[in-house]
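Taking it in order: structure first as structure tokens, then the write-up.
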Amino acid sequence: MNNKSNSLNWFEIPAVDIARAKKFYEAVFSITMQDMVMMDMKMAFFPWEPGSGKATGSLVQGPMHKPSGDGCVIYLNADPDLSTALGRVEKAGGQVVMPKTQIGEFGFMAFFLDSEGNRMAMHSNA
């Protein structure tokens, strides 16, 4: 890795039921995800812009991907105010486990469990 590249390049969020997970993330973040099958994995891609230098990722259902409430936490961008997306979590089949919390000059964060049982986070500046 050089000093000009992002430390995060790609992320994969494990899913037991890719259709359910896709529906959850599309509802919470008001996005459309693209489906793909690659090798023995079903995937649903988060929106991305080729060549932008911004990291992106996908939901993945496959033998090497097991949802977990422990381990690494991925913070998804919920700007301009994470309250909107966080307010959709429970209706979409998830659970808020830490409400919107101020983190000083760095904005706000919140933790949630997604439809698959993954512990995830949101960040916004307001």
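When the stretch 27-46 is examined, which residues are found to be part of a loop (DSSP other than H, G, I, E, B), closer than 23 Å to Q95 by Cα and of a type outside the set (A, V, I, L, M)? Let's see the steps before the verdict.
Step one: list which residues in the stretch 27-46 are part of a loop (DSSP other than H, G, I, E, B), which gives 30-33, 39-40, 46.
Of the ones still in play, those that are also closer than 23 Å to Q95 by Cα are 30-33, 46.
Passing the criteria: S30, T32, F46.
Given the conditions (1) part of a loop (DSSP other than H, G, I, E, B); (2) touching a helix residue (DSSP H, G or I) at 6+ places or on another chain (Cβ under 9 Å); (3) closer than 22 Å to M33 by Cα, and given that A126 satisfies all but one, which numbered condition is not satisfied?
(3)
Just for the stretch 20-39: of the residues that are hydrophobic (A, V, I, L, M, F, W, C) and either exposed (fewer than 14 other Cβ atoms within 10 Å of the Cβ) or modelled with pLDDT under 95 (or both), which one is farthest from L86 (Cα to Cα)? Show your work before the answer.
Kept after step one, since they are hydrophobic (A, V, I, L, M, F, W, C), are these residues of the stretch 20-39: 21, 24, 27-29, 31, 33, 36-39.
When the remaining residues are screened for being either exposed (fewer than 14 other Cβ atoms within 10 Å of the Cβ) or modelled with pLDDT under 95 (or both), the result is 31, 36-39.
Working: I31: 14, M36: 27, V37: 29, M38: 31, M39: 33 Å.
Only one residue tops the list, namely M39.
Between a residue in the stretch 26-37 that is touching a residue at least 12 places away in the same chain (Cβ under 8 Å) and any residue that is among the basic types (K, R), which pairs come within a Cβ distance under 7 Å, given they are 6 or more apart or on different chains?
A27/R88; V28/R88; M33/K22
Step by step: first the residues of the stretch 40-74, then only those that are of a type in the set (S, T, Y) and surrounded by fewer than 16 Cβ atoms within 10 Å (Cβ to Cβ), then the one that is farthest from the chain's Cα centre (by Cα). Which residue is that? Spell out the reasoning first.
Step one: filter the stretch 40-74 for residues of a type in the set (S, T, Y), giving 52, 56, 58, 68.
Keeping just the survivors that are surrounded by fewer than 16 Cβ atoms within 10 Å (Cβ to Cβ) gives 52, 56, 68.
Values: S52: 19, T56: 9, S68: 13 Å.
Taking the candidates together, the pick is S52.
Of everything in the stretch 84-118, what is farther than 21 Å from E12 by Cβ, touching a strand residue (DSSP E or B) at 6+ places or on another chain (Cβ under 7 Å), outside any strand (DSSP E or B) and in contact (Cβ under 8 Å) with a residue 24 or more places away in the chain? Give them in sequence order.
L86
Among the residues of the stretch 50-65, write down those that are free of Cβ contacts under 8 Å to residues at least 40 places away in the same chain and closer than 16 Å to L76 by Cα. I'd like the intermediate steps shown before the answer.
The first filter runs over the stretch 50-65 and keeps only residues free of Cβ contacts under 8 Å to residues at least 40 places away in the same chain, leaving 50-52, 62-64.
Matches in the stretch 50-65: none.
The values are calculated or read from the model by the stated rules, or taken from the named source; none is laboratory data. Just so it is clear, the structure is predicted and the values come from calculations on it, not from any experiment. Note that we place each Cβ from the backbone using ideal geometry, even for glycine, and neighbour counts take in every protein chain shown.
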